[in-house]
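*Asks:* I have a structure I would like to understand better, so I am pasting it below and will then ask my questions one at a time.
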Amino acid sequence: MKRFALLMFLFLSVSMTFSQTEDAYWKTITDRSEKIVAKLALQDQTKQKKAAHIIRDQYYLLNACYTLRDLKIKENTDKSLKEQITQETLQETSNLNQAFVKRLKEVLTDQEVEAVKNGMTYNVYPNTVRAYQDMIPRLTKDEVHMIDSLLYEARDFAMQAESSEKKHAWFGKYKGKINNYLASHGYNLKEEGDKWAARLKK
């Protein structure tokens, strides 16, 4: 209950910092949320509206967090304080993400929640898992599981990120971990990539 109250405080306080751009921003995140939910093909319109509102509110609250972070950083010139503010914001967005998923699960099935997560992160997680399997067909079950686990974790961070660029950056960071993992298992990623490209041309 206390966490929900804090989220609502962020929601209301940061809304005061918006001016004429707020209506446009609200429309943008509303449209984005409705498009994500539309792909679920839900038959229940009430359920559809609730899910879209939950996603829209999450976008708004995340933006509120990052707006407050920017204001705090602008007021502080101390580098160590800026790092502290950044870490505190990451923790807060992580808390927001956990509360968001919990709210989604009150309305949607687990499969539908997964689809929402992927919709919010451009389906990079499932597409990249498939891409690694296509590139290296001889991957073992354990290796595929490791790739899947790392990209699943990357998606959680990407869901909290403030922009498309930073969402992709999280996946890029974890792809680096995957490539190091595969290299340690004897795979030559450049060679595998060249072979995959040749197969695609055929």
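*Asks:* Could you please let me know if Glu22 is open to solvent by less than 100 Å² (accessible area, probe 1.4 Å), modelled with pLDDT under 90 and either of a type in the set (Asp, Glu) or under 15 Å from Gly119 (Cβ atoms) (or both)?
*Replies:* Yes.
*Asks:* Residue check, Leu151 against (1) farther than 24 Å from Gly172 by Cα; (2) in contact with a Pro (Cβ under 9 Å, 6 or more places away or on another chain), all met but one. Which one?
*Replies:* Leu151 satisfies every listed condition except (1).
*Asks:* Next question. Of the residues that make up region 178-200, is at least one surrounded by 11 or more Cβ atoms within 10 Å (Cβ to Cβ), out of contact with any strand residue (DSSP E or B) (no Cβ under 9 Å at 6 or more places or on another chain), modelled with pLDDT of 95 or more and closer than 25 Å to Val113 by Cβ?
*Replies:* yes
*Asks:* Considering only residues that are in contact (Cβ under 8 Å) with a residue 24 or more places away in the chain, assigned to a helix (DSSP H, G or I), of a type outside the set (S, T, N, Q) and within 18 Å of Thr86 (Cα to Cα), which ones fall in region 155-177?
*Replies:* Selection gives Asp156, Ala158, Met159, Lys167.
The values are calculated or read from the model by the stated rules, or taken from the named source; none is laboratory data. Since the model is a prediction, treat every value here as computed from it, not as a measurement. Note that each Cβ is placed from the backbone with ideal geometry, even for glycine, and that neighbours are counted across all protein chains shown. These accessible areas exclude ligands, DNA and RNA; they are computed on the full protein's heavy atoms, side chains included. Shrake-Rupley method; radii C 1.70, N 1.55, O 1.52, S 1.80 Å.
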